[in-house]
1. Would you confirm, using the coordinates I've provided, whether S287 is closer than 28 Å to K184 by Cβ, assigned by TED's automatic domain parsing to the domain that holds D132 and of a type outside the set (F, W, Y)?
2. Just checking, which of G285, G341 is surrounded by fewer than 14 Cβ atoms within 10 Å (Cβ to Cβ) and touching a residue at least 60 places away in the same chain (Cβ under 8 Å)?
3. Have a look at K371, K334 and point out the one that is surrounded by fewer than 13 Cβ atoms within 10 Å (Cβ to Cβ) and in the same structural domain as D225 (by TED's automatic domain parsing).
4. Would you point out which residue out of D140, D145, D104 is at pLDDT below 95, part of a strand (DSSP E or B) and within 18 Å of I214 (Cα to Cα)?
5. Got a number for residues in region 179-204 being over 14 Å from W110 (Cα atoms) and in a helix (DSSP H, G or I)?
6. Taking Q176 as meeting all but one of (1) crowded, with 22+ Cβ neighbours inside 10 Å; (2) farther than 26 Å from N153 by Cα, write down the number of the exception.
7. Scan region 98-110 and report the pairs whose first residue is surrounded by 10 or more Cβ atoms within 10 Å (Cβ to Cβ) and whose second residue is among the acidic types (D, E) and at pLDDT 90 or above, with Cβ atoms within less than 6 Å and a gap of 6+ or a chain change.
8. Considering Y276, Y262, which residue is assigned by TED's automatic domain parsing to the domain that holds I149, in contact (Cβ under 8 Å) with a residue 12 or more places away in the chain and not in a helix (DSSP H, G or I)?
Amino acid sequence: MRSDKYKKRNAAKAAKEARKSNGGRRKYSKEDDDFFAGFDELDNDEPIKTKKSSKKARGRGKNPIKRKKTVKTVIICLVLLLLALAAGAYIFMTHKLGQMDYVDTGSVEWCIDDRVAKELKDYRNFAVLGVDARNMESYDGSNNDAIIIVSLNKKTDKIKMISVMRDSYLLVDKKQQDDLYLTKITHAHAIGGGVWTCRALNRNLDLNIEEFAIFNWKAVADLVDAVGGVTVEVESNEINDFNHYGQETAEKVGGTFSAISYPGEYDLDGIQAATYCRIRKTSGGDSQRAERMKKVMTAIFKKAKTMDLSTLNNIADEMLPEIRTNIKSGSMLKLMAGIKGYELNGNEGFPYKYAGGMYHGGWYAVPETLKSNVKELHKKAFKQKKYRPTQTVREINEMIINDTGVTLP
C-alpha cells in the first residue's frame, strides 16, 4: 500500500513537469484533466502517514453522534436549571404571600370610569390607609384615621402623595354594594374595608385605584423602628398633644414613650412617630394630621432609598404580617426592588377648599364644591389643565349642594 502511494506521487510530479515543458502547446482532453486532478491532492511534501498515525488522526476527529448527544445533554441541563429557578422563585413568592394579611379582590368592581381609566393609564394609584384599630389585633370594623393616595407615574418613576381628609363629606357604599349615602369617607372602611374605601375614592375623585395597604399604629411604630427611626420637625403647637397621646400609644403598641419639652428637629423612634401621626384635635385638625402622616411616610421613604435589597427584604419579613393588602407579593417585591429609582415629587391635600361645620349632628369637611376640587386635583396631580369631571362626579356634586347648601362662595 505504501509503495503504491509513492508510485502515484512520483507519477503526478512527472506529469506536471511534462505539462510545463510543453509550454501549453498540447491540448488535453477532459479525461486527461480528470486523471491529473486525481493526483493533485497527493502533490505535497508532507510525509505519508502510517496506519498508526492515521488511526490517531481519526481518533481526534469529531463524532457527529457524540456531538448531538452532548448538545442534547446541555439543553436538558439548562431546562432543568430553569425549572429549578422557577420552582425556587415560586416557593419564595409563596412564602412571602403567606406572611402577608392578603385579601383576594380578583372580581371586585372598583367603580372606575372608562374615560378615567384611559386618561390615567400612566399612573399607578394605590391607597395607603391608617385605621384606628384600638386593640391592634383586627382591622375589621375600624374607621380610617389616615387616607393617603400614593400616585406613581409609571413613565417618570416620580411619586406624589395625596392625602384625603377622613371627615370629607362624600358618597359612600352602605352595607350593600351600590346602596349609597352621603357621609364621612372614614366610614367606608368600617363598612367594607379597603375595597369600599377605594370605591369611594374612585367614585368621588375620578381615580383608578385598585390596590390598597392597610396598617394600624403598631405597624407604624414597628416600621419606623425597622428603618432606624425618622427625623421630623416638631412644631411648638404640637408638643402638648404629642406628650398627651404618647403614653396611650405606648400602652397600646407596647413599649416606652419619651416626652419632649421644646420644638425642633427630633429623631423619633417608633412610638414617638406613631404618636406624632395621631395628633389631631388641637393642632390643626384632620387636615394637619394627614400632613403629619405624609411627613413620616416621606422620612421612611428617604431612609428606605439608602438601604440595600437584602435589608429591605428583612424589613418586609418583619412588616408584611402587620399589613393588610390586596397587592400580590410579586408586585410588592417589584416595588421594593425599584424604590431606589423612585423620586418624591411633592404632595397634595384633598379637598383644597371646604366648609367645615356641623351637619346632621356631626362635624364634616364639605367640599366647596366637589366638582371644582376634583378639577384642581387633576390639574395639580395629573397635569390635566382643562379637566372635565365625569358625569358621576357632577351628579354627586349636586347631591352634596342640595343636602348641605354649600356651594362656591
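1. yes
2. Answer to the check: G341.
3. After applying the criteria, what remains is K334.
4. Just one listed residue meets the conditions, D145.
5. Of the residues in region 179-204, 4 are over 14 Å from W110 (Cα atoms) and in a helix (DSSP H, G or I).
6. That leaves (1) as the condition not met.
7. If the second residue must be among the acidic types (D, E) and at pLDDT 90 or above, the pairs left are W110/E210.
8. Y262
The values are calculated or read from the model by the stated rules, or taken from the named source; none is laboratory data. This is a predicted model, so every value here is computed, not measured. Neighbour counts are summed over all protein chains in view; Cβ atoms, including those assigned to glycine, are modelled from backbone coordinates with ideal geometry.
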